[in-house]
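Trainee: Dumping the structure here so I can ask a few things about it.
The values are calculated or read from the model by the stated rules, or taken from the named source; none is laboratory data. Predicted, not measured: the structure shown is a model, and the values here were computed from it. Ideal geometry is used to build each Cβ from the backbone, glycine not excepted, and the neighbour counts take in all protein chains shown.
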Amino acid sequence: MTVASGIPGSESTRRPRLPPGLRFLIASSFLIPFGSFMVLPFMSIFLHQRLGMSLGWVGFVLAAASLIQFSGGVVGGAVAERLGLKRTMVLALVVRTAGFALFVAAMAWSAAAVPALLLTACGAALYLPANKAYIVRSTDEERKPLFLSVSNSALNAGMALGPLVAGLLILDAPLLVFGVTTGIFVVMTVCHVVVLAGEPAADEPEASGDGGSAADAPPGAKVLLAAAGRSALTAPFLVNALTIYVYMFFQNYMGVFTAAHHSPEVYSLLLLVNAGGVILLQPLAAKAIGKLSYRWAIAVSFAAFGCGMAVLAQAGLVAVFLGTALITLGEVVLFLKNELAALERSPDRPALAFGQQRLAAGVGAFVSGVVGGQLYELAVAGGGDRWFWVVCAAQCGLVALVGGLLVRR
């Protein structure tokens, strides 16, 4: 049974078809991380075992790549606002394609692996803010939470499946993996040029912040970067940094903790619960999350983080699964709500808003890595690794209080 379009009150009138560009970008949100994560999760192994790089240099190179990828997002957002969303995405994909092609060259010339990794990080910093800005500018206000969550779920699915596909081949046949990944990025670059029809319509009125044309603002790059700097004083930036700070305790140390108490298969299942929960639940809950006040989202999420980490401290099989489920619940709610809150602050500059959130994530992840390592070491030395999660849970309670003070509604 079909519904005639154009009939007042019909479903097609209430819910117009998605633009092809939007559908394509949601698909890209899966394919691009799928290709990237066929390679990137194995970099420490590849650089050390295959290319003979010392672990000290491996750590330095990976740290530099992470810093570029996260902190560079704010530059990527500013570039997207000046250059245009489509052109920035195409530029980013050209850079990433060059990076993965250099990995092929690294099989003959190992020194090429370092610029290859740094180029892929630069491309990621440019691409993600422009991609998400295009998505939010291509849909109406009511459906922004849904499509952002669908994009996030597609990204998580690609990140989860990429390593599974490449894991058996990356060490035995790395040239094949690098070649396939490069091919994926060549195809995606061409598709972005062909499929995306310029800038989404919402870009047009935004050309100048005071009614002028885009040509009125040659110094706009400095203005945009200054605005990005001021974002560090806003609640969405600070709350996102705190969110990632707390969440990365789970990401960084759950594997070590689980391995000490259970078999490796248990940790694999916990990762599946975490990734699968986000992929399935966030789109289903997107509308409710969009309507939830920011203060309540912070309270619910940090309560879930704190309870989850307190349960993890019990270390039993049921406890680690229940704790992971609670932490996943907090991730589902607050990761999306932070993005929506940032968009509310900068509705006419979404690429810059997403770039700022990437910068906040980088700050939170860096501090979490430094603090978490020290805390875990102290916990093990002082009576057992379970105390690590107790301290993390206490921090969640403190962060919830700070978040409540930062956000008034």
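Trainee: Show the residue pairs that are 6+ apart or on different chains and have beta-carbon atoms under 8 Å apart, the first residue being within segment 367-396 and under 16 Å from A260 (Cβ atoms), the second being acidic (D, E).
Mentor: Y376/D385; A379/D385
Trainee: For segment 1-51, give me the residue count where each residue is modelled with pLDDT under 80, within 21 Å of A275 (Cβ to Cβ) and not in a helix (DSSP H, G or I).
Mentor: Matching residues across segment 1-51 total 0.
Trainee: Answer yes if at least one residue in segment 305-322 is part of a helix (DSSP H, G or I), at pLDDT 95 or above, in contact with a Phe, Trp or Tyr (Cβ under 9 Å, 6 or more places away or on another chain) and not aliphatic (A, V, I, L, M), and no otherwise.
Mentor: Yes, that holds for at least one residue.
Trainee: Here is a follow-up. Condition first: under 21 Å from E141 (Cβ atoms) and either out of contact with any Lys or Arg (no Cβ under 7 Å at 6 or more places or on another chain) or not hydroxyl-bearing (S, T, Y) (or both). Can you find one or more residues in segment 297-317 that meet it?
Mentor: Taking every residue of segment 297-317 in turn, at least one turns out to be under 21 Å from E141 (Cβ atoms) and either out of contact with any Lys or Arg (no Cβ under 7 Å at 6 or more places or on another chain) or not hydroxyl-bearing (S, T, Y) (or both).
Trainee: Quick check on segment 355-369. Is at least one of its residues among the polar types (S, T, N, Q), under 30 Å from R87 (Cα atoms) and outside the structural domain of A92 (by TED's automatic domain parsing)?
Mentor: Residues of segment 355-369 among the polar types (S, T, N, Q): 356-357, 368.
With under 30 Å from R87 (Cα atoms) added as a condition, the list becomes 356-357.
Cutting the leftovers down to outside the structural domain of A92 (by TED's automatic domain parsing) gives us 356-357.
Taking every residue of segment 355-369 in turn, at least one turns out to be among the polar types (S, T, N, Q), under 30 Å from R87 (Cα atoms) and outside the structural domain of A92 (by TED's automatic domain parsing).
Trainee: Sticking with this one: Grab the helices (runs of 4 or more DSSP H) fully contained in segment 88-200, keeping just those with 2 or more residues being of a type in the set (K, R).
Mentor: On the way: elements: 113-137, 144-166, 174-195.
Filter on segment 88-200 gives 113-137.
Trainee: Still on this structure: Restrict the check to segment 115-131 and report whether at least one residue is over 19 Å from the mean Cα position of the chain (by Cα), β-branched (V, I, T) and assigned by TED's automatic domain parsing to the domain that holds L51.
Mentor: For segment 115-131, residues over 19 Å from the mean Cα position of the chain (by Cα), β-branched (V, I, T) and assigned by TED's automatic domain parsing to the domain that holds L51: absent.
Trainee: Looking at this structure, is V278 under 27 Å from A394 (Cα atoms), of a type in the set (V, I, T), in contact with a helix residue (DSSP H, G or I) (Cβ under 9 Å, 6 or more places away or on another chain) and surrounded by fewer than 16 Cβ atoms within 10 Å (Cβ to Cβ)? Step through it out loud before you land on a result.
Mentor: Values: under 27 Å from A394 (Cα atoms): yes; of a type in the set (V, I, T): yes; in contact with a helix residue (DSSP H, G or I) (Cβ under 9 Å, 6 or more places away or on another chain): yes; surrounded by fewer than 16 Cβ atoms within 10 Å (Cβ to Cβ): no.
When the stated conditions are applied, V278 does not pass them.
Trainee: Any chance segment 334-341 includes a residue that's aliphatic (A, V, I, L, M) and more than 17 Å from L238 (Cβ to Cβ)?
Mentor: Yes, that holds for at least one residue.
Trainee: If you don't mind, another one. Please give the number of the condition V370 fails out of (1) touching a helix residue (DSSP H, G or I) at 6+ places or on another chain (Cβ under 6 Å); (2) surrounded by fewer than 15 Cβ atoms within 10 Å (Cβ to Cβ); (3) of a type in the set (V, I, T).
Mentor: (1)
Trainee: Next question, about the same structure. Considering only segment 66-88, how many residues are crowded, with 21+ Cβ neighbours inside 10 Å and within 15 Å of the chain's Cα centre (by Cα)?
Mentor: Within segment 66-88, residues that are crowded, with 21+ Cβ neighbours inside 10 Å and within 15 Å of the chain's Cα centre (by Cα) number 8.
Trainee: Something else: Is it the case that some residue within segment 89-97 is surrounded by fewer than 18 Cβ atoms within 10 Å (Cβ to Cβ), of a type in the set (G, A, S) and at pLDDT 90 or above?
Mentor: No, segment 89-97 contains no residue that is surrounded by fewer than 18 Cβ atoms within 10 Å (Cβ to Cβ), of a type in the set (G, A, S) and at pLDDT 90 or above.
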